[in-house]
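Here is the structure we will look at.
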Amino acid sequence: MNREPWYEALARLQRDGMPHVVATQVTSQGSTPREPGARMIITPDRVYDTLGGGTFEWQVIAAARDNLAAGKAGMQLEAFSLGGRSGQCCGGFVNVILETWPGSEVRLALFGAGHVGRHIAHLVEPLDWRLDWYDSRDDGFAELPDASPRQHRHTMPDPQAAVDGLASHSHLLILTHDHAEDYALVDAALKRGDCASIGLIGSRSKWVSFRRRLEAAGHTAEAISTVRCPIGDSGGNKAPYAVALSAVAELQPICARLDDKNLKRGEGRGIDGASLRSLFN
């Protein structure tokens, strides 16, 4: 167990986008190690605070880590008979709610560290997203403050290799200093076929040229239609911040819709109302 209190660990893990489970003792009957309201935080390799120790606590930790390993999210109710399931001498009964948060679900791959790219990186920093940021120039990230825990910067010598190395279902925003590099990235992203979304900075005439080249390269019309170009709608304002703001505003609901689809497919568990009410009856 770490000395950091549960509430400090929770704030840090949420800020850093790291997977964790909040285990809260919500009821107790008879003799129990801790009182209702006691909490602990469980990560894949750390535990913060305690629900009292012993076999009962190890069972809570195991259930939490099973959820994390399976990528589950949401709330679940676990019941522990300290003389039965947990084999402890207390003989009491405890209900624990496990709130599982699997970490940052949105993975954004940002290509280009120019003016627009830097504004985008700044705008998404408060969001619960992991940012993988690429630039092919040796000094692409010069004079920037230190990266936040969810921001990862990469020098990109090879666009194809960079795209091949992305996590599955990443969202891509492509806005490098070089049209040839932009094209190589779009081509590589379409070849992967599993990108959550692809956005490309540029004019409509640039997209007409790119679309023709992508068709000639053998990409289907359906695949090509998934690319958004131009990105965002700044209302004609070409200032880098306005372009960045409109690009992030466009991307946010796209990410939210995909997360909603995952929930509707049943990825993640919740406590039904009857189970929750029964705790207090």
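The values are calculated or read from the model by the stated rules, or taken from the named source; none is laboratory data. If you're wondering where the values come from, they're calculated on a predicted model, not measured in any experiment. Every residue, glycine as well, gets a Cβ built from its backbone with ideal geometry; the counts of neighbours run over all protein chains shown. Just so you know, the surface numbers come from the protein's heavy atoms only, side chains and all, with ligands and any DNA or RNA stripped out. Shrake-Rupley method; radii C 1.70, N 1.55, O 1.52, S 1.80 Å.
So here's what we get for this one:
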quantity	calculated
Average accessible surface area per residue within segment 1-143, 1.4 Å rolling probe, Å²	46 Å²
Choice from ASP66, ASP194, ASP146 showing the highest fluctuation, given a GNM over the chain with Cα pairs closer than 10 Å	ASP146
Diffusion coefficient, µm² s⁻¹, Stokes-Einstein with Kirkwood Rh over alpha-carbon pairs of segment 166-218 at 20 °C and 1.002 mPa s	187 µm²/s
Space enclosed by the convex hull of the alpha-carbon atoms of segment 20-179, per residue, Å³	126 Å³
Counted charge near GLY140, where neighbours are those whose Cβ lies closer than 11 Å (Asp, Glu -1; Lys, Arg +1)	-1
Fluctuation leader among SER136, SER203, SER170 - the chain, Gaussian network, Cα springs under 10 angstrom	SER203
Cα-centred dipole magnitude for segment 1-101, charges only on beta-carbon of K, R (+1) and D, E (-1), debye, nearest 20	40 debye
Hydrodynamic radius by Kirkwood, which averages 1/r over all alpha carbon pairs of the chain, in angstrom	21.5 Å
Among GLY232, GLY54, GLY30: highest mean-square fluctuation, GNM of the chain, C-alpha pairs under 10 Å	GLY30
Helical segments meeting 27 Å axial Cα length and Kyte-Doolittle -0.5 threshold in the chain (DSSP H)	240-264
Karplus 3J(HN,Hα) series, Hz, for segment 21-36 with 6.51 cos²θ - 1.76 cosθ + 1.60 (x for Gly, Pro)	10, 9, 9, 10, 6, 9, 9, 8, 10, x, 7, 9, x, 10, 9, x
Computed over segment 103-256, the ratio Rg/Rh where both radii use C-alpha atoms and Rh is Kirkwood	0.93
Spatially close lysines, pair count over the chain: Cα under 21 Å, gap of eight or more or interchain	4
Helix-derived mean residue ellipticity, 222 nm - over the chain, DSSP H n ≥ 4, -39500 (n - 2.57), to 500	-11500 deg cm²/dmol
